[in-house]
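For reference, the structure is listed below as structure tokens.
A short reminder: the numbers here are calculations on the coordinates, not readings from a lab. Remember, predicted model here, so these are calculated numbers, not experimental data. Note that each Cβ is placed from the backbone with ideal geometry, even for glycine, and that neighbours are counted across all protein chains shown.
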Amino acid sequence: MKKSLKFLALSASVLALAACGNGGGSDASGGGSGKTYQVGVAIYKFDDNFMTLYREELETYFNKLSEETGDKYVLDIQDGKQDQATQTEQINNFIAQGKDVILANLVDPTAAGSIINQAKSAEIPVVLINREPEVEELEIWEGKTTYVGADATQSGTYQGEIIAATDSKGDINGDGKVNYITLFGDPANVDAQQRTAYSVKALDDAGIKREALAEPYLANWDTAKGQEVTATALEQFGDKLEVVFANNDGMAVGAVTAIKAAGRTVGKDILVVGVDAIPDAMELLEKGELTGTVLNDHYNQSHTAADVAVKLMKGEDVASYYWVNYVKVTKAADAELKAAEAKTETTKEAKARYEERAKSEKNSN
Ligand code: GAL
């Protein structure tokens, strides 16, 4: 099923690209002009579950585009090893080598401005992915720079809604409130901040009382760290702990291991919710050992990033934002990958939306 969906998605995007036209090359194999394009890809670190799924899908998709369009896309993928200095050097190399486009999953999104300025002077368009920069950074070179990602507030909201939809609404011991902890991803990433805030906001919006048993535990998106901090919390709070909000599945999977080791049972006396829908988490979900997760759609995010990069390489202008939806997951079928259209936004629209959001956040505090 997945395979045929992927095939359908691919055919659709190949058709879309072919329909765009690209200079009317004479190549017979799918409308391409037989050109070779050099694509520089900077990943914040390879050792990350979700970004590995993303990276592999990006490679697969570019390879298929190469096979089916008559143009050739050569990928140079670099591991930033979670160090911005290392990554900046890798991106400087891309610029020096004259890549046709740069796809960047920045270690530190505040580096976006200087990277865009450099790329602009070399006339190399930039597609930022996964770690959202400030709107101002995308105003530097509109049309030739873009962010392809997902709105993290949506994933946080879905996490809270999953808990609110359980029989106990998260109040397993019936004391009138949800006692919870949060496993926090990475301070440099808006995904972590927004999931932390919006997961519990969804409880507030559903009229459910809550109490954080501790400040969010920094666990760096990491399974072993997620396990470690959850074990500590279980020791400290015992049966009081009712819900674990994990900013991603890696940490949620670690939490489930700690919960089992403490002799407790997910679903019965404690609830755990993550984000990403990685295979390890889906396995637990299917066994009833994870309450829920949220699909962070690496499939459509990587395809959109590639399609947008192709447009840029062919000299077209693109929108400032391409947003792919998250999907709420409480059963296997919810996480099925299928082609979906990304929603575009201008910097002006994004600014207005963020201003509105800030106002309503202020009012609800
Ligand atoms: C998030 C994802 C995390 C981690 C992070 C890296 O969107 O949920 O698991 O991969 O990106 O920036």
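The loop-placed trypsin sites (Lys or Arg not before Pro) in the range 316-348, going by DSSP, that have at most 11 neighbouring Cβ atoms within 10 Å of their Cβ come out as LYS331.
Only Cα pairs under 8 Å and 6+ residues apart enter the sum, and on that basis the relative contact order of the chain stands at 16 percent. A simple spin-label model places pseudo-atoms 7 Å from Cα toward Cβ; at ASP79 and THR344 they are separated by 3.7 nm. Here the relative contact order of the range 153-295, from alpha carbon pairs under 8 Å that lie six or more residues apart, stands at 26 percent. When the GluC sites (Glu not before Pro) in the range 296-343 are filtered for DSSP coil states and for at most 13 other beta-carbon atoms within 10 Å of their beta-carbon, the remaining sites are GLU341.
Over the range 75-138, calculate the relative contact order: mean separation of alpha carbon pairs under 8 Å at least 6 apart, over the residue count, as a percent.
Numbers: 64 pairs, mean separation 21.0, N = 64.
RCO, the range 75-138: 33 percent.
Candidate cross-link partners of LYS240 among the aspartates and glutamates, defined by an alpha-carbon separation under 20 Å and a same-chain spacing of 8 or more, comprise ASP167, ASP171, ASP175, ASP204, GLU211, GLU215, GLU228, ASP269, GLU289. As I understand it, the dipole of the range 153-295 uses +1 on the Cβ of Lys and Arg and -1 on the Cβ of Asp and Glu, about the Cα centre. Which of ALA262, GLN193, ILE208 lies farthest toward its positive end? The residue sitting farthest along the positive end of the dipole is ILE208.
Placing dummy labels 7 Å off each Cα toward the beta-carbon, the span from GLU123 to ALA332 is 5.3 nm. Placing +1 on the Cβ of every Lys and Arg and -1 on the Cβ of every Asp and Glu, with no other charges, gives the chain a dipole of roughly 460 debye about its Cα centre.
For a straight C-alpha distance cut-off of 12 angstrom, the aspartates and glutamates reachable from LYS328 (same-chain residues fewer than eight places away being disregarded) are GLU161, ASP276, ASP297, GLU336. Here the spin labels are modelled as points 7 Å beyond Cα on the Cα-Cβ line, and at ASP269 and LYS362 they lie 4.6 nm apart.
Quick check for me: using +1 on Lys/Arg Cβ and -1 on Asp/Glu Cβ, what's the dipole size of the range 153-295 about its Cα centre, in debye to the nearest 20? All intermediate terms of the calculation are to be shown ahead of the outcome.
On the way: 12 positive and 22 negative charges, 48 e Å.
So the dipole magnitude of the range 153-295 works out to roughly 240 debye.
Starting from the Cα gyration tensor of the range 252-365, take the square roots of the eigenvalues, sort them a ≥ b ≥ c, and report rounded, prolate or oblate (rounded when a/c is under 1.5, otherwise prolate if a/b is larger than b/c, else oblate). Because a/c hits 1.5 or more and a/b fails to exceed b/c, the range 252-365 counts as oblate.
For the range 153-295, the square roots a ≥ b ≥ c of the C-alpha gyration tensor eigenvalues yield an a/c under 1.5, which makes the shape rounded. In order along the range 289-305, phi translates into HN-Hα couplings of 9, 9, 5, x, 8, 10, 5, 9, 6, 4, 5, 6, 5, 5, 5, 5, 4 Hz, rounded to whole numbers, per the Karplus curve 6.51 cos²θ - 1.76 cosθ + 1.60 with θ = phi - 60° and x for Gly and Pro. Taking the range 143-234 as the region of interest, the number of lysine pairs whose Cα atoms are within less than 26 Å, with members eight or more places apart or on different chains, is 7. Under a GNM of the chain (C-alpha, springs under 10 Å), which listed residue has the highest mean-square fluctuation: GLY315, GLY250, GLY40? Answer for the Gaussian network model of the chain: GLY315.
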